[in-house]
Amino acid sequence: MSLLKVSNLSVAYTSKSVVKKCSFEVDRGEVVVILGSSGDGKTSLLKAIGGLINRKKGTIEFEGEAVLDPSEQLIPGHELIRLVNQDFGLSQHHTVEENIRLKLLKFDKAYQNQRIKSLLRLMKLTPYREHKATEISGGQQQRLSIARALADEPELILLDEPFNQLDFQTKDKISKHLKRYLKKENIAAIMVTHNGIEAMEWADKIIYLEKGKIKRIDTPKEFFDNPNNEREASFFGELNKIVVSKQTHFFRPSFFSKTKKKGFDLKLDVEFISQEFLGWYSIYTFSHNDQRFRLFSTDDLKNCKHIFIRTLTFND
């Protein structure tokens, strides 16, 4: 049995539907990413799953039992589902340590202390344990929000763009630590993002949402290699567009070969324009019949006179 089952779910504000007939399942320990543009209903879908806003239609089951709407219970939410919201939801006048402890009051003092120590270390917040929530940075508040959500060991955590306040290095560290922790503890996660690269880094499967509707559910690799259309493809990385013999072709900057081989069938005569060195790889700009495009490679391509590309075939 799936941990979470969402069936034909719709959510509306007044007369406007923002989530439309969505159905999917999440297994225990699975990481699912909901991907889409701003205004596509991602956050509303997440809050409905957590029992924090009312459904218009459909059902949500957690471990085979219905997740109730706020209108159906005194305190909104579900005791085994926790949300990390974009507004953090911190107790501003308590310290970092106290913010976590507030989520652990039902446990004995020894467990509280052990859990607080563990979460402060996980979120790299130990040096700030005595600071008030108002005295730490936005990125640190975001990490504290994640720590609070994990405090009482939920079985499902809902992450609403959880790293948007973090700088690159901190995001990379915290992201890795959190992913390892969720896998180790077998905690399922649903994360919302508009960033397809982040989605591929995190997801076991991706739910692609457009205007409140699920357009596709698939693995990161399938989304990257075989997108259904140009809009979908653009979420998952850079896309080259080139016209050859009056036919438009799309290809990823990495979808090329210096020699012809299976799948790389379209030959382009190219002229080298420039190279940008980015450490372990370079971005090369070439032109074909005055049409510029970019290639990503660890090889030296400056002397290339022709390449073979693997074009994307859209289904829509």
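Compute the Cα gyration tensor for region 240-309, then decide on rounded, prolate or oblate, letting a ≥ b ≥ c be the square roots of its eigenvalues: rounded whenever a/c is under 1.5, prolate when a/b is larger than b/c in the other cases, and oblate in all that remain.
Verdict is prolate for region 240-309.
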For region 167-316, what is the relative contact order in percent, using Cα pairs closer than 8 Å and at least 6 residues apart in sequence?
-> 20
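If you average the sequence gap of Cα pairs under 8 Å that are 6 or more apart and divide by the length of region 4-230, what percent do you get for the contact order? Present the calculation step by step, with values, prior to reporting the outcome.
On the way: 420 pairs, mean separation 65.1, N = 227.
The value is 29 percent.
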Roughly how many Å is it from the Cα centre of region 220-277 to that of region 10-77, as a whole number?
-> 37
For the chain, built as a Gaussian network whose Cα springs stay under 10 Å, the top-fluctuating residue of 82, 28, 292 | 292
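Can you say what percent of the DSSP beta bridges in region 4-230, counting only those with both residues inside, are antiparallel? Round to 5. Can you show the working numbers first?
Details: 21 of 39 bridges.
Here the antiparallel bridges make up roughly 55 percent for region 4-230.
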Averaging sequence separations of C-alpha pairs under 8 Å and six or more residues apart, then dividing by the length of region 240-309, give the relative contact order as a whole percent.
-> 37
Enumerate the amide H contacts of residue 205 below 5 Å, restricted to partners 5 or more residues apart or on another chain; note that Pro and chain-start residues carry no placed amide H.
-> 31, 33
Using θ = phi - 60° and the Karplus form 6.51 cos²θ - 1.76 cosθ + 1.60, what ³J(HN,Hα) does each residue of region 27-32 get, whole Hz, x for Gly and Pro?
-> 8, 4, x, 7, 10, 10
For region 4-230, just the Cα atoms, rotate onto the principal axes and tell me the three extents in Å, largest first.
-> 49, 42, 30
The chain: angle of helix 109-122 to the longest principal axis, Cα-based, in degrees nearest 10 = 20
Quick one: what are the phi-derived ³J(HN,Hα) couplings along region 40-56, Karplus 6.51/-1.76/1.60 with θ = phi - 60°, whole Hz, x for glycine and proline?
-> 8, x, 4, 5, 4, 4, 5, 5, 5, 4, x, x, 9, 9, 6, 7, 8
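Report, please, the projected area of region 144-190 averaged over directions, based on the convex hull of its C-alpha atoms, in nm².
Details: hull surface 12.5 nm².
Its average projected convex-hull area is 3.1 nm².
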What net charge is computed for the residues neighbouring residue 133, neighbours being all others with C-beta under 14 Å from the C-beta of residue 133, Lys and Arg scored +1, Asp and Glu -1?
-> +1
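Multiply the residue gap between residue 177 and residue 66 by 0.36 nm, knock off their C-alpha separation, and tell me the result in nm, one decimal place. Please list the in-between numbers first.
Numbers: separation 111, 0.36 × 111 = 39.96 nm, distance 3.18 nm.
Extra length from residue 177 to residue 66 when fully extended: 36.8 nm.
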List every residue whose amide H lies under 5 Å from the amide H of residue 18, counting only residues 5 or more places away in sequence or on a different chain, with H placed 1.01 Å from N in the peptide plane.
-> 11, 12, 13
Between residue 221 and residue 273, what is the label-to-label distance in nm when each label sits 7 Å out along the Cα-to-Cβ direction?
-> 3.3
On Cα atoms only, tilt of 168-185 relative to the major axis of the chain in degrees = 60
Region 1-104: radius of gyration and largest Cα-Cα distance (Dmax), Å = 14.9, 43
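Does region 160-288 come out rounded, prolate or oblate, given a ≥ b ≥ c as the square roots of the eigenvalues of its C-alpha gyration tensor, rounded meaning a/c under 1.5 and, failing that, prolate meaning a/b above b/c? Let's see the in-between values first.
Values: a/c = 2.40, a/b = 1.65, b/c = 1.45.
Since a/c reaches 1.5 and a/b is larger than b/c, the shape of region 160-288 is classed as prolate.
Read-outs: derived from the displayed coordinates by stated rules, not from any lab. As the structure is a computational prediction, the values presented were derived from the model and not from experiment. Here the Cβ is made from the backbone with ideal geometry for all residues, glycine too, and neighbour counts use every protein chain on show.
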